[in-house]
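Every number in this text was worked out from the coordinates using simple rules, so none of it is lab data. Note that the structure is a prediction, hence the values are computed from the model and not measured.
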Amino acid sequence: MADNRRLPYPFGVVTLVYGDNQVVPFTYNKQTGVLDFDFSGTFSAATEITSGNTAYVQGASFGAIHYVNNIGPNIVAWCESQAGADSGSVKISENPYVVRTAQIAVGREPNSDDTMTESETPFNFDDASGSPADNYNATYLFRKPLVVTYTASSVRKYRMFNTQFDGQT
């Protein structure tokens with residue numbers, strides 16, 4: 001029987017989004033342990049990130065937790081473009097743990113208090129959204145936050161990237 005607070009799938013998380021509640025796309029290389037932004041679709045170093053939005057995702061069990069050793073050049077480029085980081089100053093400060101997931105129902109809330117709505121596109125709360133071009137909105141979520149450090153106009157700054165899961169402290 002389904003829990004009356006949320007459906008087993010999709011799973012709502014408070015995470016980093018851009019545009020119309022699109023989850024920020026991350027890639028992770030299992031061999032090198034490097035986490036990076038995926039710039040192959042509509043997300044780029046010039047894209048603004050919004051924090052604190054709820055997005056709905058699917059993951060098998062969120063059990064395959066990966067340790068991140070380092071960050072890639074796209075995260076560095078984003079920090080230099082959007083955060084004003086001095087060139088060459090971006091470094092990882094706190095190594096995160098991540099889990100792979102796929103976003104579903106972009107811009108829609110299956111567990112909201114709306115009991116009926118209309119759309120010109122189909123509703124689907126079972127399958128990942130997107131297409132092969134955007135890797136079906138696959139990404140990585142943070143089980144432990146990523147913290148990067150950099151200088152901006154010679155002032156040391158820290159930036160945290162995180163995901164809030166239900167019940168996480």
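A few comments on the model shown:
- Karplus-derived HN-Hα couplings along the stretch 15-29 (A = 6.51, B = -1.76, C = 1.60, θ = phi - 60°), whole Hz, x at Gly and Pro: 8, 7, 9, 9, x, 8, 6, 8, 5, 4, x, 10, 10, 9, 9
- Straight-line reach from Lys157: taking Cα to Cα under 20 Å and skipping same-chain neighbours fewer than 8 places apart, the lysines in range are Lys91, Lys144.
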